[in-house]
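Asks: Submitted below is the structure of interest, expressed as structure tokens.
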Amino acid sequence: MTELLTAVRTIAFIISQIRLINFKVLVQPVLTACMLSGFYVTGHIVREGSVAEGLHMAFLDNERLRNERQRKMEDAIVQAELHYFVEANRLIDQLLESALQRAKSAARARLDIIHNGVTGLTGIGLLRYDVTHSVAAAGRSTGALVANRPMSEWTDFLPALLAGQCVINHSGELRSAAVRARFDAMGVANFLVCPAADVQGKLLGAVFVLWDQSDQLPPPDELAALMANCRQIGAQIAAVLDLRGLKPLLAQRS
């Protein structure tokens with residue numbers, strides 16, 4: 001009987017204490033918790049694009065599933081970048097082929113791209129270039145695609161490129177022995193070089209049209225039209241390279 005009375009008194013005391021609680025004090029933290037939960041769930045719904053997926057991500061997802069989803073997303077991004085890279089290279093080859101078709105007597109056309117190379121003793125990055133694309137006329141070879149060559153090899157025509165101009169050169173008169181030797185190995189006698197520059201006039205590379213020893217240069221009027229066409233092709237190639245993420249390294253002089 002004594003234990004029963006003690007239990008009743010204890011329950012009565014707990015009830016009396018509950019009545020003393022100020023429920024107004026609890027309203028603000030409860031509302032704050034509800035708002036935070038709502039933002040948390042809404043964020044997941046918006047990110048996933050559906051209510052079911054959002055709720056699943058917010059309350060049921062685990063670390064393994066999140067890692068798997070992240071891996072699939074990264075794979076999809078890599079595949080998309082690879083697809084775009086292939087399409088960009090195909091488009092560049094088509095543009096070079098169109099330049100070669102305009103220069104009917106030429107043997108080949110190619111694209112050289114400027115990039116950051118090794119760092120010199122002064123700590124300044126030394127610019128280099130790669131021959132990245134080359135197309136050839138029927139029965140002609142495209143020539144070797146060289147990489148990581150110093151920009152000093154462009155001494156003969158770099159000022160013209162920076163001025164936004166095309167220039168015709170005779171390979172035997174080049175001051176760069178390395179370029180002259182490569183052209184001699186391919187049988188190149190003359191070449192046209194035009195800038196591949198973006199809309200702001202910044203140089204990303206150069207378009208080359210090459211004529212072999214047995215090829216005749218076009219007459220002056222056709223050569224002038226070819227220069228204008230190659231400048232336009234260079235701008236189109238620069239736009240493709242810019243979309244591919246290649247940043248211009250040299251600013252043209254106005």
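Asks: Those residues that are hydrophobic (A, V, I, L, M, F, W, C) and without any contact (Cβ under 8 Å) to a residue 12 or more places away in the chain, I need them from segment 208-226; list them, please.
Replies: Scanning segment 208-226 gives a single hit, Ala224.
Asks: Same structure, new question: Restricting attention to segment 112-125, does a residue exist that is of a type in the set (A, V, I, L, M), in the same structural domain as Pro219 (by TED's automatic domain parsing) and closer than 24 Å to Gln216 by Cβ?
Replies: no
Asks: Answer with yes or no whether Ala76 is surrounded by 10 or more Cβ atoms within 10 Å (Cβ to Cβ) and modelled with pLDDT under 90.
Replies: For Ala76, the condition - surrounded by 10 or more Cβ atoms within 10 Å (Cβ to Cβ) and modelled with pLDDT under 90 - is met.
Asks: Please tell me if Asp184 is touching a residue at least 40 places away in the same chain (Cβ under 8 Å), in a helix (DSSP H, G or I) and not hydrophobic (A, V, I, L, M, F, W, C).
Replies: no
Asks: Also, quick follow-up: Any residue in segment 194-207 that is under 16 Å from Ala99 (Cα atoms) and surrounded by fewer than 24 Cβ atoms within 10 Å (Cβ to Cβ) sitting within a Cβ distance under 9 Å of a residue that is aliphatic (A, V, I, L, M) and at pLDDT below 95? List the pairs, counting only those 6 or more apart or interchain.
Replies: Pairs found: none.
Asks: Condition check: outside any strand (DSSP E or B) and buried (at least 18 other Cβ atoms within 10 Å of the Cβ). Does Phe191 satisfy that?
Replies: no
Asks: Of the residues Arg140, Arg128, which is under 24 Å from Ala235 (Cβ atoms) and of a type in the set (D, E, K, R)?
Replies: One residue alone meets the criteria, Arg128.
Asks: When you scan segment 82-103, how many residues do you find that are out of contact with any helix residue (DSSP H, G or I) (no Cβ under 6 Å at 6 or more places or on another chain), assigned by TED's automatic domain parsing to the domain that holds Ala225 and touching a residue at least 60 places away in the same chain (Cβ under 8 Å)?
Replies: Selection size over segment 82-103: 3.
Asks: If you don't mind, another one. Could you identify the single residue in Arg66, Arg47, Arg71 that is within 28 Å of the chain's Cα centre (by Cα), outside the structural domain of Val207 (by TED's automatic domain parsing) and at pLDDT below 70?
Replies: Arg66
The values are calculated or read from the model by the stated rules, or taken from the named source; none is laboratory data. These figures come from a predicted structure and were not determined experimentally. Heads up, the Cβs are rebuilt from the backbone with ideal geometry, glycines too, and the neighbour counts pull from every protein chain shown.
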